[in-house]
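See below for the structure under consideration.
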Amino acid sequence: MKSLNGLILRILAEATREAKRDEFLMTNGFNFPTTINQVHELIYRQEFARPPISYDSDVIIIQDVKNLVAFLAPSTLLTKSLVEFINTETVASFLKALIIYFQYFLQVVEFILIQRDEITGEKAILLNAENPDMQRAFSAHLQQYRLLVAREYSHIILGESDTKKFYHIKPIVNISRSSFDDSFHEAFLAYCTQVVWIALHRRAYDVIDMEMNRLFRSEHFKLTHYPRYHFTKPEARTLYGPNYKICNYRTQNSPLIQELTKVDKHNLPILYIGKRKYRGNDLRIMQIELEYMVDSAQLSLIGFSLGILGHPKSLYNTLLKLDWQAVRKNNYSATYDPFLIFRQPHLEIPSLDEEKLRHYSETYKSFYQVKRRTEFWNPSMIRKWKKRDKIVKYFEAEGVISDIVVKCTKEIADASEGPSVEEIMKAQTTKPPSSPPVSPIDMETQDQIELERKR
């Protein structure tokens, strides 16, 4: 009997540890909660979520994902500098390019893993003769998306435009704030990882974390390793492109910077996407420009699906998790699926001669400058995010939350007896009778009566 009780206690202890482990997700040393209680949910919806009067409030955009990650972020990550930094236009463009890249990267990784299973085992099949050309086309598309991310990342590390105040070298004295830059960089990467993971339906976190570490650290400084996703040299060449090279850690550049050191001539217009309107006959550049420039709320109008962006908020809960019951209530199906919820975004096989034909494309001089519409926090909202922990503690202590369920729960849990019946009756009898309130119309009538009497 004692051994049985000991076994039960060990099982309960292991289940408790597993439950605690599932409550948080470790990203770059920061614990992000994966669940939220009802009080915190109401605080977030009342104080920090995007208000209903904002632009396209019924649709999920990148700002909604940024708000949620900022609310779930630990206090050590959400510093005042980071709050101001993620509210810049440069970071908004960087996150949009990063989400586009990772969606395509996950699709190519899935294709490689399926192909790996097909050519091994008892029912192995031979590869198609066109398979190498197909992989080269996928690698070229990944390189193009990676080049767009590298361009935005270079603006950040150089401290250009609205990120100048966050540059790690102090002006005049030219001294680097190495410790500040190190912690700031880690916090920003953790924030970006969570934004990408939530925006892409919370899928394949291991792959996202692995590639995020590789892009911004290189192989020498990766914090986590995933043996399950160990790619062979041909697979790695498809995923990482021809410019990725590993050298001594003293001279190693991050893969994103390596992409900028050698840009093919036909890919140069990618560096101007979002800055100048493309004029030319390269269909691939037009496609990338369309995906990058169209607002997140209108992605379904161009037939492009980017994770949960552009989906109705009514189909998701506060943590931006898909509610399949709401999907069924709205009669979404395989035939009626404008947001690709039932029909998941698939990997389109590009034309095998696409890259060869692009060498013959022409690019003309651009006459128009373009700018993406981006939603930012106003100054009052920035002050509120900087005091997030104080606001949450205040609402937890005072209970000033406009929700009847929480109020009733607290009243039921209240064990105080309150005033006695005699005290209540005594207060009612000693209280002077209050005269009924006089409306403005009655006051005008009384003034007219007084004037008639005087006459």
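The values are calculated or read from the model by the stated rules, or taken from the named source; none is laboratory data. Since we're looking at a predicted model, the values are computed, not measured. Cβ placement follows ideal geometry from the backbone for every residue including glycine, while neighbour counts extend to all protein chains displayed. These area figures cover heavy atoms from the full protein model, side chains too; ligands, DNA and RNA do not enter into them. Shrake-Rupley method; radii C 1.70, N 1.55, O 1.52, S 1.80 Å.
List the helices (runs of 4 or more DSSP H) inside region 141-255, counting only whole elements, that have at least 2 residues being open to solvent by less than 40 Å² (accessible area, probe 1.4 Å), among the hydroxyl-bearing types (Ser, Thr, Tyr) and at negative phi.
178-199, 233-240
Hey, can you tell me all the residues within region 326-351 that are open to solvent by less than 60 Å² (accessible area, probe 1.4 Å), part of a loop (DSSP other than H, G, I, E, B) and either of a type in the set (A, V, I, L, M) or in contact with a Gly (Cβ under 6 Å, 6 or more places away or on another chain) (or both)?
Hits for region 326-351 are Leu340, Ile341, Leu347.
How many of the residues making up region 293-325 are within 24 Å of Pro33 (Cα to Cα), charged (D, E, K, R) and surrounded by 17 or more Cβ atoms within 10 Å (Cβ to Cβ)?
1
This table checks each residue for (1) in a loop (DSSP other than H, G, I, E, B); (2) open to solvent by 20 Å² or more (accessible area, probe 1.4 Å); (3) in contact (Cβ under 8 Å) with a residue 24 or more places away in the chain; (4) of a type outside the set (Asp, Glu).
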position	(1), (2), (3), (4)
Ile53	yes, yes, no, yes
Lys66	no, no, yes, yes
Thr76	yes, yes, yes, yes
Ser81	no, yes, yes, yes
Asn87	yes, yes, yes, yes
Phe105	no, no, yes, yes
Gln115	no, yes, no, yes
Asp133	no, yes, yes, no
Ser139	no, no, yes, yes
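Looking at region 281-292, is at least one residue of a type in the set (A, V, I, L, M, F, W, C), surrounded by 14 or more Cβ atoms within 10 Å (Cβ to Cβ) and at pLDDT below 90?
Scanning region 281-292, I find no residue that is of a type in the set (A, V, I, L, M, F, W, C), surrounded by 14 or more Cβ atoms within 10 Å (Cβ to Cβ) and at pLDDT below 90, so the answer is no.
Conditions tested, residue by residue: (1) within 27 Å of Ile60 (Cα to Cα); (2) in contact with a helix residue (DSSP H, G or I) (Cβ under 6 Å, 6 or more places away or on another chain).
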| position | (1), (2) |
| --- | --- |
| Thr251 | no, no |
| Ile257 | no, no |
| Asp264 | no, no |
| Lys313 | yes, no |
| Pro338 | yes, yes |
| Gln344 | yes, no |
| Glu348 | yes, no |
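What pairs come out if I take residues in region 332-343 that are more than 19 Å from Gln298 (Cα to Cα) and free of Cβ contacts under 8 Å to residues at least 60 places away in the same chain and pair them with residues that are surrounded by 12 or more Cβ atoms within 10 Å (Cβ to Cβ) and of a type in the set (Phe, Trp, Tyr) whose C-beta lies under 6 Å away, six or more apart or interchain?
Close Cβ pairs (under 6 Å, with a partner that is surrounded by 12 or more Cβ atoms within 10 Å (Cβ to Cβ) and of a type in the set (Phe, Trp, Tyr)) amount to Ala334/Phe342.
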